[in-house]
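Right, one structure below, let's go through it.
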Protein chains: 2
Amino acid sequence: MPQPSRDALNAWIDANRDASLERLFAVLRFPSIGTDPAHARDTRACADWLVAELAAMGFAARVVPTGGQPMVLAHHPGDGSDGPHLLYYGHYDVQPADPIELWETPPFEPRLVEGPHGDRIVARGAVDDKGQLTTFLEAFRAWIATTGSLPCPVTVFLEGEEESGSPSLEPFLEAHAEELRADVCVVSDTGMWDIATPALTTRLRGLVYLQLDLEGPSRDLHSGMYGGAVLNPLNTLARLIAELHDDEGRVAVPGFYDAVRDLDTATRQQWRSLGFDGAAFVADVGLNAERGEPGWSTLERTWGRPTLDLNGLWGGYSGDGSKTVIPSIAHAKLSCRLVADQQPDAVIDAIQDFVAERAPADAKLTWHVFGAEPAMSVPAEQPFAQAASRALEHVFGKPALMIGSGGSIPAVAAIKRHLGCDSVLMGFGLADDRVHSPNEKFERRCFENGIRAHTALLAEVTTLAR
Amino acid sequence: MPQPSRDALNAWIDANRDASLERLFAVLRFPSIGTDPAHARDTRACADWLVAELAAMGFAARVVPTGGQPMVLAHHPGDGSDGPHLLYYGHYDVQPADPIELWETPPFEPRLVEGPHGDRIVARGAVDDKGQLTTFLEAFRAWIATTGSLPCPVTVFLEGEEESGSPSLEPFLEAHAEELRADVCVVSDTGMWDIATPALTTRLRGLVYLQLDLEGPSRDLHSGMYGGAVLNPLNTLARLIAELHDDEGRVAVPGFYDAVRDLDTATRQQWRSLGFDGAAFVADVGLNAERGEPGWSTLERTWGRPTLDLNGLWGGYSGDGSKTVIPSIAHAKLSCRLVADQQPDAVIDAIQDFVAERAPADAKLTWHVFGAEPAMSVPAEQPFAQAASRALEHVFGKPALMIGSGGSIPAVAAIKRHLGCDSVLMGFGLADDRVHSPNEKFERRCFENGIRAHTALLAEVTTLAR
């Protein structure tokens with residue numbers, strides 16, 4: 001079957017831009033906070049809505065229950081021509097919206113706000129990942145509207161637990177490996193270099209996420225009667241956390257860096273050639289110092305080096321005024337971003353051993369593991385990556401940069417492991433999109449270029465032999 | 001006028017023990033959490049109830065408004081005989097009840113629970129200080145019921161801000177210095193040595209209470225995009241807090257110990273002679289190690305040495321599951337117990353300077369001060385202390401021990417400063433009363449011996465010349 005002309009596809013995209021935006025707004029209105037049991041019904045409703053949209057486009061679509069949030073799974077047979085089988089991955093869950101008071105408008109009431117690059121779409125999940133998964137859904141819609149079908153077999157699978165470590169992903173992939181088998185996985189959950197410069201992400205960091213509960217006294221105590229004479233869980237937890245880094249900013253846990261594959265000179269040179277402005281990067285968030293592991297630039301620290309950061313800390317009295325209490329228990333949530341070839345379980349063990357050795361004998365330590373995924377890299381030279389690169393150049397008029405990402409997409413490693421196929425990470429976010437923060441946004445221009453790029457990718461990949 | 005016989009007083013106390021208990025239960029039912037604006041009405045209602053009780057006993061009683069919680073102020077002229085003028089101090093506010101889920105019964109529904117020493121009164125404020133202030137109120141009631149009056153002029157003043165640093169106390173004492181003038185102040189907000197052994201507290205520690213807000217990035221950030229490359233307020237706050245102590249457990253803030261008056265040998269020897277069991281003290285709260293500033297025993301650390309303890313710590317995500325956020329801000333509440341001759345303002349300055357020097361230049365530090373009172377000592381040889389000692393020996397059949405306390409009663413120092421009179425600290429709490437903790441209790445036997453001791457004190461002091 002002949003391919004539709006680029007003009008015909010772009011004409012449809014231009015003619016339907018408001019309808020495409022309204023469909024994105026519809027999915028953004030679901031408060032699908034997958035990690036929060038209070039929003040389980042909202043998350044399920046979001047999955048059902050996506051299934052209905054895919055079915056309306058001619059996909060055989062269904063919700064697949066898991067131990068946690070449901071998976072959206074849909075198949076399109078294509079037009080019968082012998083193209084490769086494409087698997088598209090995205091996630092419809094979003095981060096919690098707190099601190100809610102910092103949102104200028106309600107997080108689940110999407111709206112357009114005028115910005116320096118034109119209209120921006122503001123809502124929780126605008127870019128991560130509802131806006132981005134909608135770019136390929138709308139590309140399918142454009143192609144089907146223009147040709148009546150898709151140029152090759154397409155499977156879409158959208159999860160609802162990406163923001164909480166994807167606990168149900170592995171069992172799902174294992175149980176549906178045959179049904180999900182494809183030649184490549186296409187993922188849109190990453191960023192561009194800037195609004196005018198497309199990028200393919202060739203490396204992602206891994207993630208381990210831990211919670212530590214430290215219990216000292218069997219009950220809360222009066223700081224006058226007991227202070228200075230017994231284990232204070234807050235002081236003790238603060239010390240243990242402080243000891244996780246040395247004075248220079250390195251992670252002090254023995255063995256933490258052992259398996260780290262150093263950045264090769266070529267990569268460091270290519271990254272330097274990007275002209276990343278670290279001072280502007282920190283100034284954008286109100287800080288004036290680049291800091292972190294010594295010997296590396298800010299770009300290298302975020303793309304190429306492992307980290308250990310606290311994500312939460314709580315214990316004792318946090319109300320108004322004063323309470324002179326020594327609390328019985330204190331808590332911390334912490335996460336590490338991993339690089340090749342760090343093994344998540346080894347890192348978890350090393351951290352737990354390090355803390356256990358330094359904790360007082362009468363402190364009770366309880367650990368919870370909320371995520372454990374290794375780092376992932378995508379060979380830039382593989383044909384689908386090259387096809388994506390050509391597709392991006394068609395849309396943006398300049399070649400795509402090969403970049404890293406500090407973030408983690410557990411699905412990419414899991415898909416390689418269980419389905420044996422590589423992923424192409426073609427994303428349209430920008431550095432200032434406030435991912436995971438109040439007032440998260442997605443540039444409308446990036447949204448529409450994303451739709452164009454995905455139609456161009458369909459055109460490119462169908463020229464590849466299986 | 002002849003004094004009532006000890007037998008007549010004790011007979012009244014025995015005959016009215018259930019009525020006395022019910023009056024204590026009534027005051028315990030007010031959730032008078034003075035530090036919490038949400039309970040302002042409850043706190044006011046508790047003050048009104050006490051005024052009504054004092055008025056019913058023949059006191060000229062009233063509520064005196066302040067900038068914060070109201071003061072209860074009441075005067076009884078006595079029977080006209082030329083005894084000393086006694087001032088009684090107590091506080092009707094209580095600590096917050098949280099963590100509420102650890103209470104076996106609701107904190108403001110007082111009840112009797114069978115214990116090893118017989119019935120115990122369980123409720124927030126049971127011993128601190130509603131149960132203790134009720135011991136002298138019931139002693140007045142016994143004396144008045146038996147003789148028709150009191151043996152000397154008595155002024156009672158009860159505050160509602162003791163648990164939050166007594167911010168309105170100084171202005172109140174200054175404004176009412178003439179009206180409050182007395183020969184001695186009697187305070188029941190301290191403890192016994194054990195249930196059979198009475199004690200007079202001759203030293204109290206001072207208190208400074210601070211909150212630190214540490215702001216880093218101008219907004220919450222994604223730990224993948226920014227982690228390891230920017231200031232993390234949680235990691236930074238943990239480090240700054242950890243640095244407040246050295247590895248041995250001393251406070252590391254320069255100058256912190258400069259003004260500390262060392263314990264004299266006589267005091268250390270008298271305390272050693274008490275045979276305090278430090279191992280049992282920590283075992284009682286589920287710990288197996290005595291720890292703190294090196295070179296001092298647990299008793300010396302809690303009675304005679306200054307401390308720095310965290311009372312609260314919070315920031316970032318504390319919900320279920322995971323959120324990979326670098327929060328914009330982190331908070332800590334911390335307090336120091338002070339000993340003579342430490343000056344609260346000097347200690348506050350030293351801590352703030354220490355933290356400021358070590359904080360990153362782009363961390364914004366905001367401090368809140370919730371209390372600043374120096375340590376206090378009461379000369380054991382002064383005649384009213386001797387009278388109290390004799391009164392206690394009458395009731396318990398053994399001499400009162402002269403002890404210290406790790407706690408702080410800002411009123412004692414302020415009363416000395418503004419009214420020029422010493423205080424007698426005659427209290428009936430026990431070490432295991434769970435002061436400031438869930439399931440706070442007061443032994444019924446201690447409550448009733450307290451009533452007896454206060455009637456005996458009235459008999460003793462009236463034998464003293466003014």
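The values are calculated or read from the model by the stated rules, or taken from the named source; none is laboratory data. Computed from a predicted structure; not experimentally measured. All Cβ positions, glycine included, derive from the backbone under ideal geometry; neighbour counts span all protein chains shown. Quick note on the areas: whole protein, heavy atoms, side chains included, nothing else; ligands and nucleic acids left out. Shrake-Rupley method; radii C 1.70, N 1.55, O 1.52, S 1.80 Å.
Here are a few things to note about the model shown:
- Relative to the dominant Cα principal axis of chain A, helix A:17-28 is inclined by about 30°.
- Here the accessible area is traced with a 1.4 Å probe on the protein chains. For chain A, carbon and sulfur cover 51 percent of it.
- Shown are B:265, B:134, A:366, whose ranking by accessible area with a 1.4 Å probe and every protein chain present, most to least, is B:265, A:366, B:134.
- Across the identical copies, the 7 Å label point of residue A:431, projected outward along Cα→Cβ, sits 6.0 nm from its counterparts, in ascending order.
- Per the Cα gyration tensor, segment B:49-172 maps to an equivalent ellipsoid with semi-axes of 29, 21, 11 Å, ordered largest to smallest.
- Alpha carbon convex hull of chain A, projected area averaged over orientations, nm²: 23.2
- DSSP assigns beta bridges within segment B:69-167; of those with both partners inside it, close to 60 percent run antiparallel.
- Largest to smallest accessible area among A:394, B:331 [probe 1.4 Å]: A:394, B:331
- When the Cα positions of A:123, A:148, A:166 are compared along the charge dipole of segment A:107-168, A:148 comes out farthest toward the positive end, with charges on each C-beta of Lys, Arg, Asp and Glu.
- A 1.4 Å probe run over segment B:323-417, with the rest of the protein chains in place, finds 36 Å² accessible per residue.
- Beta-bridge orientation, the protein assembly as shown: approximately 75 percent antiparallel, per DSSP, counting only bridges with both partners inside.
- By DSSP, the beta bridges lying fully in chain A are antiparallel in about 75 percent of cases.
- Taking amide hydrogens as placed 1.01 Å from N in the peptide plane, the amide H of residue A:245 sits under 5 Å from those of A:252, each at least 5 positions away in sequence or on another chain.
- Each residue of segment B:284-297 was assigned a 3J(HN,Hα) from its phi angle through the Karplus expression (A = 6.51, B = -1.76, C = 1.60, θ = phi - 60°), giving 4, 10, x, 10, 10, 10, 7, 8, x, 4, x, x, 9, 7 Hz with x at Gly and Pro.
- Normalised by 2.2 N^0.38 Å, where N counts its residues, the alpha-carbon radius of gyration of the protein assembly as shown equals 1.17.
- Karplus 3J(HN,Hα) series, Hz, for segment A:113-130 with 6.51 cos²θ - 1.76 cosθ + 1.60 (x for Gly, Pro): 10, 5, x, x, 9, x, 5, 10, 8, 10, 4, 5, x, 3, 10, 10, 10, 4
- C-alpha long axis of helix B:6-15 to longest principal axis of chain B, angle in °: 60
- Per-q log10 I(q)/I(0), segment A:122-222, q = 0.11, 0.13 Å⁻¹ (Debye; single scatterer per alpha-carbon; no solvent): -0.55, -0.71
- Model label sites at residue B:113 and residue A:262, defined 7 Å from Cα along the beta-carbon direction, differ in position by 6.2 nm.
- The protein assembly as shown, helix-only ellipticity at 222 nm - DSSP H runs n ≥ 4, -39,500 (n - 2.57), divided by all residues, nearest 500: -10500 deg cm²/dmol
- Accessible area per residue for segment B:103-201 is 28 Å², calculated with a 1.4 Å probe on protein heavy atoms, without ligands, DNA or RNA.
- Think of each Lys and Arg Cβ as +1 and each Asp and Glu Cβ as -1; about the Cα centre, that makes the dipole of chain A roughly 420 debye.
- Comparing the full protein assembly with the isolated chain (1.4 Å probe, heavy atoms, ligands and nucleic acids excluded), the residues of segment B:321-364 losing at least 20 square angstrom of accessible area are B:321, B:322, B:323, B:324, B:325, B:333, B:337, B:362.
- Using a 7 Å projection from Cα along Cα-to-Cβ, the label point at residue B:393 is separated from the same position in the remaining copies by 10.3 nm, smallest value first.
- Rounded to the nearest 10 degrees, the angle from helix B:233-242 to the longest Cα principal axis of chain B is 60 degrees.
- Considering all different alpha carbon pairs of segment B:1-57, the Kirkwood hydrodynamic radius works out to 13.5 Å.
- Calculated on C-alpha atoms, the gyration radius of segment A:263-379 divided by its Kirkwood radius gives an Rg/Rh of 1.07.
- Between amide H atoms placed 1.01 Å from N, distances below 5 Å from residue B:115 occur with B:120, all of them 5 or more places distant or on a separate chain.
- The equivalent ellipsoid of segment B:292-351 has semi-axes of 34, 16, 8 Å, largest first, where each one is the square root of 5 times an eigenvalue of the Cα gyration tensor.
- Computed 3J(HN,Hα) for segment B:178-194, one whole-Hz value per residue from the Karplus formula 6.51 cos²θ - 1.76 cosθ + 1.60 where θ = phi - 60°, is 5, 5, 9, 3, 8, 8, 7, 10, 9, 10, 10, 9, 10, x, 8, 6, 8, glycine and proline marked x.
- Two-site FRET efficiency, residue B:393 against residue B:45, from Cβ-Cβ distance with R₀ of 35 Å, rounded to 0.05: 0.35
- Ascending list, in nanometres, of distances separating the residue A:48 label from those of the other copies (7 Å, Cα toward Cβ): 5.1
- Here residue A:323 is the anchor, and the lysines within straight C-alpha reach of less than 30 Å, apart from those fewer than 8 places off in the same chain, are A:333, A:364, B:130, B:323, B:333, B:364, B:416, B:441.
- Solvent-accessible area buried by pairing A with B, both sides, nearest 100 square angstrom, 1.4 angstrom probe: 7300
- Across the options A:87, A:235, A:55, the greatest Cα extent toward the positive end of the charge dipole of chain A (unit charges at beta carbon of Lys, Arg, Asp, Glu) belongs to A:55.
- Summing Cβ point charges (Lys, Arg +1; Asp, Glu -1) relative to the Cα centre of segment B:179-302 gives a dipole of roughly 60 debye.
- Between residue B:349 and residue B:62, the contour length at 0.36 nm per residue exceeds the Cα-Cα span by 99.4 nm.
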